[in-house]
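> Before anything else, here's the structure in question.
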Amino acid sequence: MHHRKLVALAGAAFLFVVAPAAGASSAANPRVVADRVAHGLVHAKGGGAVHFARRTANMTYHGGKILPTAVTKAIFWGPSWANSTFVGDKITGLDSWYTGTSGSNYAKTVDEYTGTNGQVGATATHQGHIIDTSTATGGGNTTAILNEVAKQVTAGNIVLDPAGNSYIPVYVDVKRGNAGYCAWHTSGTIGGNVVQFAFFFNLDGDPGCDPGDTTTGHSQGLAALANVTAHELSEARSDPASPGAWYDSSGAENGDKCAWTFHVPAVSFSNGTQWKLQGEWSNAAYSAGIGYPNSSGQKGCLDGH
Ligand SMILES: [Zn+2]
């Protein structure tokens with residue numbers, strides 16, 4: 001399924017080509033294998049724009065698994081996460097986000113999708129977070145991010161779900177710079193266990209990845225991370241690599257197809273928190289003509305509000 005990721009990236013000015021994973025395996029360093037190419041990227045606004053007009057609008061099924069549930073534990077990586085001014089409301093806010101997404105109407109926008117292992121479900125289990133103040137990397141190498149996840153597994157800070165539903169988002173303190181994306185998700189294996197994982201730049205003061213939240217009271221940096229967090233988790237649930245499950249003829253997943261389109265100022269989560277979030281593509285809503293339009297005017301986006 002790697003070819004589809006390359007198609008998805010063809011319009012962008014970057015590729016994720018990583019070195020083959022090291023074959024060394026020991027108790028201290030479990031074998032780590034990352035997908036060679038990151039997918040599910042959130043392109044920065046105005047960069048790597050994806051055009052849908054000539055495509056079949058709905059996504060099709062490609063034979064793989066989905067996530068019937070998600071077991072999440074966040075990693076905040078980089079020395080700035082020891083700085084309370086930098087941290088601000090981001091760590092507590094994202095813990096609230098992951099807790100509150102479980103059972104929310106927003107999460108239910110992904111529930112229509114099925115795979116070889118059943119149907120996507122709206123419940124998730126959030127296990128909190130880890131702070132690692134060692135120097136973080138950017139997002140250009142999926143193996144570097146998977147190695148950080150593996151480091152936390154080895155340290156006993158993360159216990160991977162044996163059913164393969166672990167989803168580990170890695171939030172670094174590194175700014176995006178010239179990268180054309182805000183975040184991505186992909187999968188790998190650690191010691192033989194499949195893990196979904198995702199990467200997020202520090203989006204403080206980054207207009208290219210900013211949803212423009214003016215109503216919830218969250219800091220700009222938290223609001224920006226929350227929006228792309230919604231994009232990546234929704235994609236991982238409907239299209240966990242690999243092999244892939246639900247994406248369209250150009251490789252766009254449910255988050256990609258509604259990226260940077262917002263229907264309401266904020267959606268409410270099951271724990272009462274409020275977030276400005278992009279919608280997620282629903283084949284059912286598009287077919288019924290009841291979604292709100294994406295950036296190409298296709299009415300297949302839902303936010304569960
Ligand atoms: Zn995406």
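The values are calculated or read from the model by the stated rules, or taken from the named source; none is laboratory data. Bear in mind that the values here come from a model prediction, so they are computed numbers and not experimental data. When we count neighbours, we look across all protein chains shown, and the Cβ atoms used for this are built from the backbone with ideal geometry, even at glycine.
> In the set 78, 40, which member is in contact with an Asp or Glu (Cβ under 9 Å, 6 or more places away or on another chain), modelled with pLDDT under 95 and crowded, with 19+ Cβ neighbours inside 10 Å?
Unique residue meeting the criteria: 40.
> Answer with yes or no whether residue 14 is closer than 23 Å to residue 226 by Cβ and either at pLDDT 95 or above or not acidic (Asp, Glu) (or both).
It is false that residue 14 is closer than 23 Å to residue 226 by Cβ and either at pLDDT 95 or above or not acidic (Asp, Glu) (or both).
> Now for a separate question. Please count how many residues of the range 236-286 are under 18 Å from residue 196 (Cα atoms) and of a type in the set (S, T, N, Q).
Count: 3.
> Among the residues of the range 229-251, count how many are within 16 Å of residue 64 (Cβ to Cβ), within 13 Å of the ligand (Cβ to nearest atom), out of contact with any Asp or Glu (no Cβ under 8 Å at 6 or more places or on another chain) and in a loop (DSSP other than H, G, I, E, B).
Within the range 229-251, residues that are within 16 Å of residue 64 (Cβ to Cβ), within 13 Å of the ligand (Cβ to nearest atom), out of contact with any Asp or Glu (no Cβ under 8 Å at 6 or more places or on another chain) and in a loop (DSSP other than H, G, I, E, B) number 4.
> Look at residue 283 and say whether it is of a type outside the set (Ser, Thr, Tyr), in contact with a helix residue (DSSP H, G or I) (Cβ under 6 Å, 6 or more places away or on another chain) and touching a residue at least 24 places away in the same chain (Cβ under 8 Å).
Criteria not met by residue 283.
> Still on this structure, I have one more. When residues of the range 279-305 are filtered for being crowded, with 23+ Cβ neighbours inside 10 Å and either over 20 Å from the mean Cα position of the chain (by Cα) or in a loop (DSSP other than H, G, I, E, B) (or both), how many remain?
Counting residues in the range 279-305 that are crowded, with 23+ Cβ neighbours inside 10 Å and either over 20 Å from the mean Cα position of the chain (by Cα) or in a loop (DSSP other than H, G, I, E, B) (or both) gives 5.
> What are the pairs with Cβ atoms under 8 angstrom where one residue, in the range 245-261, is of a type in the set (Val, Ile, Thr) and the other, located anywhere, is within 12 Å of the ligand (Cβ to nearest atom) and at pLDDT 95 or above? Sequence gap at least six, or different chains.
261/278
> If you don't mind, there's one more thing I want to ask. Kindly evaluate residue 78 against the criterion of being over 14 Å from residue 222 (Cβ atoms) and out of contact with any Phe, Trp or Tyr (no Cβ under 6 Å at 6 or more places or on another chain). Before you say what the answer is, go through the steps one by one.
On the way: over 14 Å from residue 222 (Cβ atoms): yes; out of contact with any Phe, Trp or Tyr (no Cβ under 6 Å at 6 or more places or on another chain): yes.
Yes: the conditions hold for residue 78.
> Here is a further query. For the range 173-199, what are the residues that are away from the ligand (no atom under 12 Å from the Cβ) and among the β-branched types (Val, Ile, Thr)?
Correct list: 174, 189, 190, 194, 195.
> Still on this structure: Just one of the numbered conditions (1) in contact with a Lys or Arg (Cβ under 6 Å, 6 or more places away or on another chain); (2) more than 15 Å from the ligand (Cβ to nearest atom) is not true of residue 260; which one?
Failing condition for residue 260: (2).
> What about residue 125, is it surrounded by fewer than 19 Cβ atoms within 10 Å (Cβ to Cβ), under 19 Å from residue 97 (Cβ atoms) and out of contact with any Pro (no Cβ under 9 Å at 6 or more places or on another chain)? Walk me through it before giving the result.
Working: surrounded by fewer than 19 Cβ atoms within 10 Å (Cβ to Cβ): yes; under 19 Å from residue 97 (Cβ atoms): yes; out of contact with any Pro (no Cβ under 9 Å at 6 or more places or on another chain): yes.
It is true that residue 125 is surrounded by fewer than 19 Cβ atoms within 10 Å (Cβ to Cβ), under 19 Å from residue 97 (Cβ atoms) and out of contact with any Pro (no Cβ under 9 Å at 6 or more places or on another chain).
> Another question, if that's okay. Taking the range 198-219, which residues are in contact with a Leu (Cβ under 8 Å, 6 or more places away or on another chain) and surrounded by fewer than 22 Cβ atoms within 10 Å (Cβ to Cβ)?
Across the range 198-219, the qualifying residues are 210, 211.
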